[in-house]
Structures are given as structure tokens and as C-alpha cells.
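The values are calculated or read from the model by the stated rules, or taken from the named source; none is laboratory data. Note that the structure is a prediction, hence the values are computed from the model and not measured. Ideal geometry is used to build each Cβ from the backbone, glycine not excepted, and the neighbour counts take in all protein chains shown.
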RNA sequence: GGGCGCAUAGCUCAGCUGGUUAGAGCACUUCGUUUACACCGAAGGGGUCCAGGGUUCGAAUCCUUGUGCGCCCACCA
């Protein structure tokens with residue numbers, strides 16, 4: 001031991017110090033790891049947090065999982081790269097800054113102007129970015145800071161421009177008019193998945209355009225009817241057959257409309273009147289009908305949510321105001337037939353909650369169905385789907401595979417232009433009718449740059465390769481440098497809520513740029529809810545700052561509490577009690593180490609098992625090592641940690657350390673056990689393990705390799721230890737049941753096949769009885785345990801007596817026989833054999849054989 | 001409208017491809033300050049695994065129906 005350890009572990013005294021040592025060691029950077037050239041890479045790209053706000057507890061969960069994966073792989077010989085970064089989150093950031101400025105100065109972005117706003121955004125960004133990176137470090141994240149990236153830094157801007165130009169030249173990116181989701185407040189389009197739906201009370205108005213028009217229609221938005229070009233009915237609807245194809249001129253509240261009656265099978269006959277007024281400019285469905293029927297498109301509502309010029313008294317009114325006026329007019333004219341209450345879903349902006357106006361507008365799109373030569377004639381959508389179908393990309397948990405595929409199958413062209421100021425510029429210039437797309441501005445005068453910016457997912461979709469030096473590291477279809485070393489990445493670990501938003505886009509972008517998958521596996525974690533099971537949000541004020549938790553309990557405790565009791569894809573609740581429990585465990589581990597370090601000489605000798613207890617603990621260690629390894633590689637982090645806890649606390653601390661106080665000379669084994677425990681725990685709780693490691697060995701635990709030596713699982717030792725534990729528990733029980741005060745002289749007669757050395761242990765172990773007399777009769781049959789206690793006054797029959805044990809064994813035997821008969825029946829059933837796959841049959845056969853062996857053993861014990 | 005998830009001890013949750021007596025943490029009861037640890041130790045109580053039906057030698061686990069929560073997608077004018 002290099003120095004006396006504190007009585008309790010104080011994370012605050014150690015964590016920052018340790019992080020500094022790690023960082024200065026350079027081992028976060030895979031280039032500095034001491035590895036053969038043949039060492040496989042293991043890469044994770046940190047999903048870049050938005051720089052809109054501080055990290056929340058969900059980020060901590062993400063960091064804990066990814067750091068666990070990375071540290072485990074680093075300790076098993078992989079060239080591990082975990083690359084950090086942040087996301088400029090275009091719309092979100094601009095909104096936050098605008099709101100902040102408005103609150104502070106009352107100014108809008110229009111008052112400020114483009115340049116000043118961007119300046120403010122950059123100022124804001126620099127401060128939040130620093131906070132976020134600080135929080136990320138505090139979690140103990142072993143990220144390679146030398147490669148830190150930002151979705152909007154120079155390299156990423158170059159990559160984005162290049163990508164846009166490439167896609168444009170291949171015809172994947174195109175400009176088109178389309179109904180888009182328009183947010184009148186953000187003044188920008190929204191992608192389909194940026195639209196949210198809110199249930200609201202609304203009115204369904206049923207009316208006729210005019211007295212002489214034969215069909216009544218229903219709508220919740222009469223004001224848009226100013227732009228109606230048609231009335232659509234279901235082709236099978238008998239009520240309207242005679243009208244289909246007719247055209248009418250109507251005076252709708254003072255606006256002259258040409259209404260054609262068209263048939264469309266999307267119209268449902270039993271909704272409302274079964275007739276639908278077609279407003280091509282303000283409804284997605286209507287737009288499609290208009291395309292199919294060659295209808296003219298008249299815009300009624302403008303980008304501010306106001307009625308356009310040319311609609312008489314309605315012009316310049318807000319949509320809702322116009323609606324009231326028109327309703328009034330319809331009532332006056334006696335055309336309003338019904339006003340029914342109705343609950344419908346209002347689409348609102350996911351950022352500002354403003355109701356969406358569907359508007360036609362010129363936007364840039366990524367065509368997902370465009371067949372591409374570089375993808376063997378497949379489209380991005382087809383290739384991205386295929387990747388999931390072929391299991392080139394797999395999902396954890398598996399059910400998200402289906403969700404990914406469903407979403408992909410229904411994917412429409414992706415609108416990538418946004419009418420906001422903060423974001424990647426669209427590398428397009430216009431001159432009259434001419435369009436130029438290129439990485440740099442075109443030569444000559446009179447070119448006007450496209451003022452829009454790109455959807456934030458366009459740049460984050462490139463995250464796996466824009467961070468690795470694409471496009472510079474991609475020459476003539478060959479990856480070089482970092483890109484060759486680290487792409488495709490191994491795991492994308494993120495929250496399930498952005499599976500569609502982000503994951504799907506990364507897949508398409510990677511296929512376009514590199515023709516390969518961006519990652520092999522997608523691990524999706526759940527959401528951390530608050531104590532009551534509600535989503536944490538800023539507005540509710542129920543969020544938790546990870547730094548507070550770290551300050552109080554330490555980063556290790558927070559990490560462990562987030563890793564344990566959580567399963568992939570399922571939400572879990574934040575619980576301070578849980579963090580406290582993990583803090584307590586960490587302190588236990590600390591004290592285990594303190595004891596071992598203070599009592600055992602650290603001579604670095606190989607473990608030298610001498611007694612049954614030694615063989616037992618090494619067998620338990622061997623079993624634990626295998627289980628932990630399997631569970632970690634199977635993404636069962638919680639179960640892995642449970643195995644480790646069980647070994648560390650219930651086996652090592654509760655039994656072996658106590659035994660070591662009686663049987664001496666276990667130094668080599670104790671040190672060996674401690675090192676193994678620290679190595680296995682390190683990916684979960686890196687700080688405390690590294691802190692203890694400093695006392696044990698030179699060199700960092702962080703890069704210590706998992707032990708390769710083979711340990712034997714000694715079945716006899718396991719059995720004997722179980723027997724010993726049962727005896728001790730029986731004595732303790734007998735003592736407490738019979739209320740024997742400590743210190744009372746007691747004689748216990750123990751009949752057991754255990755070696756005498758083991759029986760001697762009982763005297764020293766926590767039986768709560770001093771002055772215990774033992775008699776080992778050595779007569780009992782193998783494996784059976786008989787305890788009889790005897791003091792000078794009272795004769796006690798122990799908790800486990802011979803008959804009890806015998807009944808237990810007989811019951812076990814009966815159960816086994818039943819199972820064996822059952823399995824035999826199945827395995828001789830021809831129908832089953834014909835239907836079941838061979839591996840199932842093999843597994844069942846193996847099970848049967850094991851049960852038979854087990855039964856043999858029991859039979860031997862009973863006879 | 002379509003899809004997914006969850007329902008197991010008082011609470012929060014584990015429980016893989018069905019297999020012998022269903023686990024953990026917290027909480028609770030009793031006991032204990034033996035020099036690693038009270039952020040501790042020992043012993044213990046507590047579960048018709050949501051309900052009905054089915055498959056099976058055997059079901060918390062598979063199938064089906066229902067109930068109650070939660071989420072996602074589409075959106076009906």
C-alpha cells in the first residue's frame with residue numbers, strides 16, 4: 001500500500017484529479033494506445049447534444065452507457081475511438097436565442113437583422129458549448145477530445161457543402177413546389193416529424209358555398225374555402241353520381257369560385273356530408289387531388305398566417321378572424337347548415353407550439369426514391385431498408401428494427417430547406433432563371449445566394465463520417481486515414497425517440513457518401529422519467545442537473561444508478577434513493593480495498609489456493625468473469641453489474657474476507673481478487689476503481705487488459721462452501737430462535753463430510769456465539785448436513801436436521817423424475833421431432849442428459 | 001384508425017430462447033457498536049407473477065381475448 005486510504009470514499013476529492021490524469025495520459029485517443037496493427041477498431045460517435053441547453057440526466061445515461069462500452073473494449077484490446085461533439089440544432093438554437101433576446105430587450109430578430117442575430121447566436125453558443133463539454137467530462141467520459149467536432153464548424157461546413165453538391169449533381173437533391181408544414185411563428189418549414197399534434201375542441205361547419213350549389217360540404221376551416229377549386233366525393237357515393245364532372249360558378253361570401261365536382265377514393269362517404277371542398281394550396285391531401293385533376297392552385301393564406309391580397313374584406317386578416325367573418329356571412333346568407341362540436345388534432349410546431357399552416361412553397365428536397373447508379377440502381381430508401389432486412393444493421397432491442405423498417409417504407413422525399421438564419425447555407429446561387437450549385441460562389445456578376453439554410457438533420461446525418469475527415473479522407477472511392485480506420489462505426493447508442501429523426505437519415509447519408517452502413521448496431525436507451533414517471537421538461541421544472549447529483553454522490557454512483565435496473569428501449573425513473581444505494585456500494589468496494597490493502601502484502605505473486613475457501617472464491621471469480629463478459633457483450637449491462645455486485649458484496653466481502661481473518665496467509669489471493677474486481681468494475685465506475693488502482697500498481701487501470709489467465713471452476717469447493725454456509729446460517733438461526741445471548745457457552749455437534757479445516761472456520765465466523773465447541777463426527781453421508789446444537793442447559797435440534805434434508809432431496813428427486821419423463825415423452829414424439837428444428841431438439845436432449853446426471857447424484861446421496 | 005411497450009414483494013424494477021424452491025435495491029421487523037465499512041453486519045417477514053381461456057409432462061415466460069396505464073405513427077376534411 002502506498003498510503004493509508006480514507007475511511008470513506010470521497011468522490012469529490014478524487015474525480016477531477018483522476019480525470020486530469022486520464023486526459024493527460026493521452027489514452028482517450030486511440031492513436032496513443034499500445035496495440036498491434038491488427039487490433040480491431042471499436043468506434044462510437046457520441047450523439048452530439050444540442051447546444052441549446054445544459055445536459056440533462058438523459059445525456060448522463062447516454063454517456064454512462066457509451067463510456068461503459070468504450071472502456072470495456074479498450075480493456076479488451078480494441079482500438080477504441082469515442083468521438084465527442086455538439087450539434088448546432090439550427091431551429092432550436094435560433095428560437096432559444098431569439099426568445100432570450102426578446103425577454104431581455106424586447107427586440108425581435110427582424111429588429112436585429114440577420115448579422116446581429118447570428119452574432120448573438122454565436123456568443124450564446126460558445127458559452128453553452130463550454131458548459132456541455134464540462135458536464136460531459138464530469139461524468140468520466142473517456143472521449144477523444146483531440147477529435148472534438150461541431151456540426152457547424154469549418155470542416156463540417158465543407159462536408160455539408162460537398163454532400164449537397166454531390167447529391168444535387170446526382171439528381172438526389174432537387175427543388176420543387178410542394179405543400180410544406182409552415183410555422184408562421186418560426187417562419188420556416190418543418191419536416192413531417194417536426195410536427196406535433198395536439199387534441200383540441202373545434203367546430204365542424206357544414207354549409208353550401210351558395211344557394212344554387214347542390215352539395216353541402218363540411219370543414220373546420222371555412223376561411224380556406226376562399227381558395228377552393230373543387231368538391232370531391234367518393235366515386236361510389238350514389239348521392240352524388242349525377243354531379244361528378246359538373247362545373248359550377250359560385251359566389252362564396254363575395255368571392256367568385258369555379259367549383260368542379262371530382263371523384264376521389266380518399267373521400268369517406270360517411271364523414272360529414274361525404275363531400276369535401278378541395279383547397280389545393282392548404283392541405284396535403286387536397287394538393288394531391290389537385291395534381292390528379294389539373295386544378296389551379298390559389299394561395300389563400302400567406303407566410304404570416306394572414307389572408308392574401310385579393311380576397312376583398314378578408315385580406316390581411318388573421319385566419320381565425322376571417323373564419324369568424326365568413327361564418328357570420330354564411331349565417332346571414334342562410335347557408336350555414338350545422339355547427340357541430342368536434343375534437344380533432346391540431347398540428348403544431350414542435351418548437352413553439354404554433355399551429356402549422358400547410359402552404360405551397362419552393363423548397364429543396366432529398367429524393368429518397370431516386371435510383372442511383374452508385375447504389376447498384378437502388379434508391380437511398382431501398383438501400384436503407386435493405387440494410388435492416390439483411391441485418392447489416394441490427395437493433396437493440398430488436399423490436400426497433402420493425403419500427404425503423406415501417407418508417408422507412410413510408411418515407412417521403414425529405415424537405416431539407418429551412419427559412420431560418422442560423423444553419424448551414426444552401427450552396428446554391430440564382431441569376432434570373434439560372435441556378436448554380438457548387439461549393440464556392442459562381443464567377444460573374446449578379447448571382448444571388450439562396451437565403452435558406454439546411455435542416456439540422458442534414459449535417460447531423462453525416463455525423464459518422466464528417467467527423468472522420470470526409471470528404472478529404474475519401475479519394476477515388478477509397479477510404480483513407482481516420483475514415484479507413486474507424487468507419488463504419490460499431491455502435492450507435494442513442495435514445496429511441498430519435499430513431500426515425502436521426503438514425504434513418506444517417507443510414508441514407510452514409511450510403512450516399514460512402515456506399516456503406518454508418519454503424520453495425522443501434523442500441524437504443526429509454527427515457528429517464530422523473531420520480532412520478534412523467535417526462536422531464538424545462539416547462540415542468542422537474543428536470544435534474546447531473547452536476548448536482550455528481551456533487552452530492554459522485555459521478556460513479558450516478559453512472560451506476562443509471563446503468564442498473566434499466567433495460568434497453570425501456571424508460572426508467574430517476575431515483576435519488578437509487579443513487580444513494582450505489583454510493584453506498586461504492587463505499588463498500590472502497591472499504592473492501594482498504595481492508596485488503598492494509599492486511600495483504602502486495603508482492604504480485606500468483607494466487608496460491610490452499611484451502612477449500614480459496615478454491616471456492618477463485619471458482620466464484622471464474623464464474624463471475626465469464627458471466628460478466630457474456631452479459632456485457634450481450635448489452636445486458638444491468639445484469640452484468642448485478643453479477644459483479646453479488647460477487648463483490650455477497651461472496652468476497654461477506655464470506656471470503658471474514659474467512660481471511662481466520663485463515664491467514666492469503667495475501668496473494670486477496671490482491672489478485674482485488675485487482676480482478678477492480679478491472680471488471682472499471683467500465684461501470686471508473687473513478688473509484690482507478691483511485692484504488694493507484695495504490696496497487698503503476699500504470700492506469702483504464703488501459704489494463706482484462707485478465708487472460710484461465711481459472712478453474714472447482715465444483716467440489718463450490719459444494720463444500722455451500723454446505724459450510726448452510727451450517728453457519730443454521731447455527732445463527734438456532735441461536736436467534738432460541739434467544740441465546742452472546743457469550744453463552746454452547747456446544748454444537750456437527751455431522752458433516754466437510755474437511756476439518758473448514759469446520760474450524762465456523763468457530764471464527766460470525767455465528768454470534770463465542771466459546772463454541774465443535775465435534776466433527778465425520779459420519780454423515782456425502783453432501784448431507786446435520787446440525788444439532790447442545791448447550792449445558794438446553795438441548796436444541798438444529799434448523800436443518802437429517803430428516804428435513806432427506807425430504808428435500810426426495811422432493812427434488814421426484815421433480816427431476818417428472819421433468820425427465822416429460823422430456824423423454826417429447827423426444828420420442830414423432831410429430832415433435834418432425835416439426836422442431838434440430839437445434840431445439842439438440843438443446844432438449846442436452847437438457848435431458850443434464851437432468852439425468854443430476855438425478856444420479858441425488859440418488860447416490862439418498863442411498 | 002394502425003403499431004409498440006408495460007402490468008411480478010409496500011415502492012422502483014430484474015427475470016435470456018418455457019424446466020427443479022420467482023430475484024435485487026429501497027422500505028419494514030428483530031438483533032448486533034468483533035480493529036475494512038453504521039454509506040455497516042446478522043437473521044427475518046412480505047408475491048393466487050393484472051384477469052379469463054388455450055398449447056404443454058411442465059407457463060411469470062409461448063398463443064388468444066379482455067382490462068388498465070404509457071408511448072409512437074398516420075390524420076378525416
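Here are a few things to note about the model shown:
- The range A:331-351, residues that are modelled with pLDDT under 85, touching a helix residue (DSSP H, G or I) at 6+ places or on another chain (Cβ under 9 Å) and more than 22 Å from residue A:451 (Cα to Cα): A:350
- Of the numbered criteria (1) at pLDDT below 95; (2) assigned to a helix (DSSP H, G or I); (3) surrounded by 19 or more Cβ atoms within 10 Å (Cβ to Cβ), the one residue A:754 fails is (2).
- Residue check, residue A:430 touching a strand residue (DSSP E or B) at 6+ places or on another chain (Cβ under 7 Å) and more than 16 Å from RNA strand B (Cβ to nearest atom): yes
- Positions within the range A:42-78 being part of a strand (DSSP E or B), closer than 23 Å to residue A:27 by Cα and under 17 Å from the mean Cα position of the chain (by Cα), in sequence order: A:43, A:44, A:45
- Helices (runs of 4 or more DSSP H) contained in the range A:80-188 and holding at least 1 residues under 30 Å from residue A:483 (Cα atoms): A:90-105, A:114-138, A:154-169
- Yes/no for residue A:249 being over 21 Å from residue A:359 (Cβ atoms), away from RNA strand B (no atom under 16 Å from the Cβ) and touching a helix residue (DSSP H, G or I) at 6+ places or on another chain (Cβ under 9 Å): no
- Tally, over the range A:31-61, of residues that are touching a residue at least 60 places away in the same chain (Cβ under 8 Å) and touching a helix residue (DSSP H, G or I) at 6+ places or on another chain (Cβ under 8 Å): 21
- You will find that of A:592, A:579, A:596, the residue that is at pLDDT 90 or above and within 26 Å of the chain's Cα centre (by Cα) is A:579 and no other.
- Failed item, numbered, when residue A:484 is tested on (1) under 27 Å from residue A:394 (Cα atoms); (2) in a loop (DSSP other than H, G, I, E, B); (3) free of Cβ contacts under 8 Å to residues at least 24 places away in the same chain: (2)
- Within the range A:254-280, the set of residues being surrounded by fewer than 19 Cβ atoms within 10 Å (Cβ to Cβ), more than 13 Å from residue A:215 (Cβ to Cβ) and near RNA strand B (Cβ under 8 Å from one of its atoms) comprises A:266, A:268, A:270, A:271.
- Counting only helices (runs of 4 or more DSSP H) wholly contained in the range A:636-687, the ones carrying 2 or more residues that are within 38 Å of the chain's Cα centre (by Cα) and buried (at least 18 other Cβ atoms within 10 Å of the Cβ) occupy A:637-645, A:667-681.
- Scanning the range A:11-41 for residues that are under 26 Å from the mean Cα position of the chain (by Cα) and exposed (fewer than 14 other Cβ atoms within 10 Å of the Cβ) gives a single hit, A:40.
- Options A:583, A:615; residue that is more than 15 Å from residue A:658 (Cα to Cα), in a helix (DSSP H, G or I), in contact with a helix residue (DSSP H, G or I) (Cβ under 8 Å, 6 or more places away or on another chain) and away from RNA strand B (no atom under 16 Å from the Cβ): A:615
- Pick from the range A:592-612, criterion in contact with a helix residue (DSSP H, G or I) (Cβ under 9 Å, 6 or more places away or on another chain) and part of a helix (DSSP H, G or I), ranking: farthest from RNA strand B (Cβ to nearest atom): A:612
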